[in-house]
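The values are calculated or read from the model by the stated rules, or taken from the named source; none is laboratory data. All of these numbers come straight from a predicted model, not from anything done at the bench. Using ideal geometry, Cβ is built from the backbone for each residue, glycine included, and neighbour counts are taken over all protein chains shown.
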Amino acid sequence: MNHNWSVEDLLTEYQKLLQRAIDEIWENTTWKEKKAKHRYPIGNGKYKYYETTRLFPYFPKSNEFKRELRNKLLKDWPFAKHYVDSTIKTAYSILESWRQNYLKGRRKRKKPVVKRKFVRVKTTLMKVEGSKIRITVKPRKKYLELDYSNEWFYERIKDWKVGELIIREKDVYLTFSKEVEFSRRIKIGVDSNLMSLDVYHPEKGWIKVDLSELHGIAETYDRIIDRLKSIQKKAPKRISRLLQKYYARRRNRIEDYLNKLVVQLSREFPDTVFVFEDLNKFKMLENGSRDFNRKLSRSTWGKIVQKLSYRVPIEFVNPAGTSSTCPKCGSKLESRNGQVECPNCGFKSDGQFVGAFNIFVRGLGAALRGGEARDLLPYEPGGELRLVNPKSVVRVDLSGRTFTHVPS
Ligand SMILES: [Zn+2]
């Protein structure tokens with residue numbers, strides 16, 4: 001919302017302080033040589049990988065460093081102390097996002113400079129009464145007041161909790177949060193495969209969310225981008241402008257698709273805990289390995305999980321062997337053309353179903369070993385799993401609110 005405060009001095013001082021925090025952290029950053037992996041597409045969704053040696057930045061993170069930094073910044077700071085903590089936090093997040101871009105080759109090894117004026121206001125600097133907020137600028141001397149009861153968004157958030165604010169020259173951003181209660185907590189297992197998300201729901205069974213459209217979007221733009229790159233030398237400036245345009249379009253369309261995917265997933269499975277494989281334990285699925293190529297890219301999967309985490313409760317389980325462990329007896333499965341078979345008990349199924357099912361089972365907190373199947377498969381009497389086809393296949397509807405069911 002807009003404001004008519006005179007906060008120029010606060011904005012200017014905050015900008016300077018934030019830059020000082022970045023400067024200090026930057027000066028104390030250590031750089032280590034490390035190998036970085038890169039890849040480029042060679043068509044058919046395949047990539048070629050290569051390594052380079054680069055300097056990796058490590059920011060100082062010890063409590064001692066942070067304490068000293070805080071003390072330094074507090075000297076001559078004319079406003080409330082909490083703003084200093086807010087600049088330190090913001091400085092780290094600016095540097096962290098710079099680091100990620102730098103490692104991807106999108107930024108040079110150059111210290112970030114704060115160009116925009118803004119102030120991040122922590123809740124400790126705010127007093128909230130109904131729709132009125134009082135912000136401390138200088139304790140007992142200067143306060144700012146705002147009331148959002150006449151704003152357009154008021155009806156939607158009136159009983160929500162007020163979070164951090166961001167003050168800019170003419171307007172202020174408000175954030176709100178609300179705790180959601182989940183009455184029933186059915187767990188579902190969600191596995192990512194290259195062309196689908198496979199869900200195992202204890203009552204509804206195996207549901208396949210078709211992602212071929214997502215790949216279609218990515219491939220369409222990859223083709224255009226590759227073609228542009230191949231003729232870039234002919235008109236470097238014009239083509240790099242075009243490239244920027246198509247990169248942005250690709251990003252936006254994928255973002256749009258993913259947003260609709262998570263909304264529709266959360267509507268399809270209300271009151272449900274979503275169980276995923278823990279991405280941080282995905283070390284064994286390094287680039288180029290067979291398993292890796294059968295999965296969605298790590299970054300796409302990460303985005304889906306992150307977006308879902310704003311809407312539904314989520315849990316993570318250990319990913320080791322989820323697609324190769326027999327859900328009936330726990331032996332190692334043999335796979336052939338997407339079908340898996342257990343050499344020990346003879347269990348046969350589709351590999352993608354087994355992945356989702358095993359994630360579901362791990363979400364229940366149970367590890368499968370021989371003889372326990374009966375306890376673990378409450379909805380399939382006797383632990384018999386005869387499902388080999390998904391109960392339904394659904395697709396993201398880009399213009400609707402819920403999944404489209406694909407007739408089988
Ligand atoms: Zn078995």
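Every residue in the range 125-151 that is among the charged types (D, E, K, R) and within 16 Å of residue 163 (Cα to Cα), please.
Result: 127, 129, 132, 134, 145, 147.
Conditions tested, residue by residue: (1) acidic (Asp, Glu); (2) under 22 Å from residue 195 (Cβ atoms); (3) surrounded by 17 or more Cβ atoms within 10 Å (Cβ to Cβ).
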| position | (1), (2), (3) |
| --- | --- |
| 301 | no, yes, yes |
| 308 | no, yes, yes |
| 315 | yes, no, no |
| 320 | no, no, no |
| 326 | no, no, yes |
| 337 | no, yes, no |
| 345 | no, no, no |
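Per the conditions (1) touching a helix residue (DSSP H, G or I) at 6+ places or on another chain (Cβ under 9 Å); (2) outside any loop (DSSP other than H, G, I, E, B); (3) modelled with pLDDT under 85, the sole criterion not satisfied by residue 273 is (3). Whether any residue in the range 57-80 is in a strand (DSSP E or B) and either in contact with a helix residue (DSSP H, G or I) (Cβ under 9 Å, 6 or more places away or on another chain) or on the phi < 0 side of the Ramachandran plot (or both) is what I want to check. Yes, because at least one residue in the range 57-80 is in a strand (DSSP E or B) and either in contact with a helix residue (DSSP H, G or I) (Cβ under 9 Å, 6 or more places away or on another chain) or on the phi < 0 side of the Ramachandran plot (or both).
Residues are listed down the side, and each one gets a yes or a no for (1) part of a helix (DSSP H, G or I); (2) among the aliphatic types (A, V, I, L, M); (3) over 18 Å from residue 98 (Cα atoms); (4) in the same structural domain as residue 76 (by TED's automatic domain parsing):
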{"residue": "5", "(1), (2), (3), (4)": "no, no, yes, yes"}
{"residue": "9", "(1), (2), (3), (4)": "yes, no, yes, yes"}
{"residue": "12", "(1), (2), (3), (4)": "yes, no, yes, yes"}
{"residue": "17", "(1), (2), (3), (4)": "yes, yes, yes, yes"}
{"residue": "20", "(1), (2), (3), (4)": "yes, no, no, yes"}
{"residue": "24", "(1), (2), (3), (4)": "yes, no, no, yes"}
{"residue": "31", "(1), (2), (3), (4)": "no, no, no, yes"}
{"residue": "35", "(1), (2), (3), (4)": "no, no, yes, yes"}
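When you check residue 127 against the structure, is it assigned by TED's automatic domain parsing to the domain that holds residue 17, buried (at least 16 other Cβ atoms within 10 Å of the Cβ) and over 26 Å from the mean Cα position of the chain (by Cα), yes or no? Spelling it out, it is not the case that residue 127 is assigned by TED's automatic domain parsing to the domain that holds residue 17, buried (at least 16 other Cβ atoms within 10 Å of the Cβ) and over 26 Å from the mean Cα position of the chain (by Cα). Scanning the range 319-349 for residues being in contact with a helix residue (DSSP H, G or I) (Cβ under 6 Å, 6 or more places away or on another chain), away from the ligand (no atom under 13 Å from the Cβ) and modelled with pLDDT under 85 gives a total of 2. Taken together, the residues in the range 173-221 that are part of a helix (DSSP H, G or I) and either at pLDDT below 85 or not β-branched (Val, Ile, Thr) (or both) amount to 8.
Against the definition (at pLDDT below 90, surrounded by 12 or more Cβ atoms within 10 Å (Cβ to Cβ) and either out of contact with any Leu (no Cβ under 7 Å at 6 or more places or on another chain) or at positive phi (or both)), how does residue 259 come out, yes or no? It is false that residue 259 is at pLDDT below 90, surrounded by 12 or more Cβ atoms within 10 Å (Cβ to Cβ) and either out of contact with any Leu (no Cβ under 7 Å at 6 or more places or on another chain) or at positive phi (or both).
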